[in-house]
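Contents: one structure, followed by commentary.
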Amino acid sequence: MKLSRDCIQKEGWNLLITREIDYALRILRALSEGEQVSAAQLCQRELIPQPFAYKIMRKLSKAGFVLITRGADGGCRLVVDLKEKTLYDLLSAMDSVEFVNACMALGYQCPWRERYGGKCGIHMKLESIQQAIDRELQSHSLASILSSGLD
């Protein structure tokens with residue numbers, strides 16, 4: 001089944017790899033050679049709309065992935081080893097870590113547990129699934145993901 005953007009939006013799908021994460025991966029790919037690249041060059045090379053690029057580069061900078069230099073000779077430079085950073089790290093940097101259910105979030109007040117006390121079997125199973133997803137995201141370095149996208 002081919003999924004169009006309209007189909008995804010109409011169906012209300014929540015994607016783990018959002019457009020923002022996709023653009024962040026493209027920015028990291030463009031910077032992976034170690035050179036300083038201007039925002040305009042990034043946008044042109046990776047087909048990213050400029051407003052998105054600036055927002056994403058600020059998040060990547062805040063998380064310590066890139067260094068942004070302002071001015072006439074300014075640009076963006078990668079400052080982390082992509083072999084040591086995982087897809088989970090990128091999702092965290094972009095404030096995009098997803099939970100399989102709201103009860104996975106720290107501090108969640110579960111009405112069922114408040115009413116009945118004890119452990120919730122559903123929560124326990126979902127927690128196991130959440131841990132498996134997190135482990136999978138943590139098992140893929142950004143370098144391995146980006147190298148597969150260069151072919």
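Partners of LYS59 within straight-line reach, counting aspartates and glutamates whose Cα lies under 18 Å from its Cα and excluding those fewer than 8 residues away in the same chain: GLU20, ASP22, GLU46, ASP81, ASP89, ASP95, GLU98. Summary value for the chain: 21 percent relative contact order, contacts being C-alpha pairs under 8 angstrom separated by 6+ residues. Sorted largest first by accessible area at a 1.4 angstrom probe radius, with every protein chain in place, the residues ILE122, ILE129 fall in the order ILE122, ILE129.
Calculate the FRET efficiency for ALA72 and ARG45 from the Cβ-Cβ distance with a Förster distance of 25 Å, rounded to the nearest 0.05.
Efficiency computed from Cβ-Cβ geometry: 0.80.
Of all alpha-carbon pairs in the range 19-70, indicate the percentage at a distance above 17 angstrom. The proportion of pairs with Cα distances above 17 Å equals 21 percent. Charges were assigned to the Cβ only: +1 to each Lys and Arg, -1 to each Asp and Glu. The resulting dipole of the range 12-141 about its Cα centre is roughly 260 debye. For the range 14-103, trypsin sites (Lys or Arg not before Pro) meeting the loop criterion (DSSP other than H, G, I, E, B) and having at most 13 other Cβ atoms within 10 Å: ARG70, LYS83. Shown here: semi-axes √(5λ) of the Cα gyration tensor in Å, derived from the displayed model; of the candidates (1) 24, 16, 16; (2) 32, 23, 14; (3) 35, 18, 15, it corresponds to (3). How many angstrom lie between the Cα centre of the range 38-58 and the Cα centre of the range 75-137? So the two Cα centres are separated by 28 Å. Sequence-ordered 3J(HN,Hα) estimates for the range 100-111 from the Karplus curve with 6.51, -1.76 and 1.60 and θ = phi - 60° stand at 5, 7, 4, 5, 7, 6, 4, x, 5, 9, 7, x Hz, glycine and proline given as x. In terms of distances greater than 24 angstrom between alpha carbons, the cross-link table entries LYS85/LYS125; LYS55/LYS85; LYS85/LYS119; LYS62/LYS85 yield LYS85/LYS125; LYS85/LYS119. If you plug the beta carbon distance of ALA143 and TYR108 into 1/(1 + (r/R0)^6) with R0 = 30 Å, you get a FRET efficiency near 0.30. Alpha-carbon geometry of the range 44-106: the Rg and the Dmax are 14.3, 48 Å, given in that order. Taking all protein chains together and rolling a 1.4 Å probe, GLU33 ends up with roughly 140 Å² accessible.
A simple charge model with +1 on the Cβ of Lys and Arg, -1 on the Cβ of Asp and Glu and nothing else charged puts the dipole of the range 31-99 at about 240 debye relative to its Cα centre.
The values are calculated or read from the model by the stated rules, or taken from the named source; none is laboratory data. Note that this is a predicted model, so its numbers are computed, not measured. Neighbour counts are summed over all protein chains in view; Cβ atoms, including those assigned to glycine, are modelled from backbone coordinates with ideal geometry. Side chains included, ligands, DNA and RNA excluded: accessible areas come from the protein's heavy atoms. Shrake-Rupley method; radii C 1.70, N 1.55, O 1.52, S 1.80 Å.
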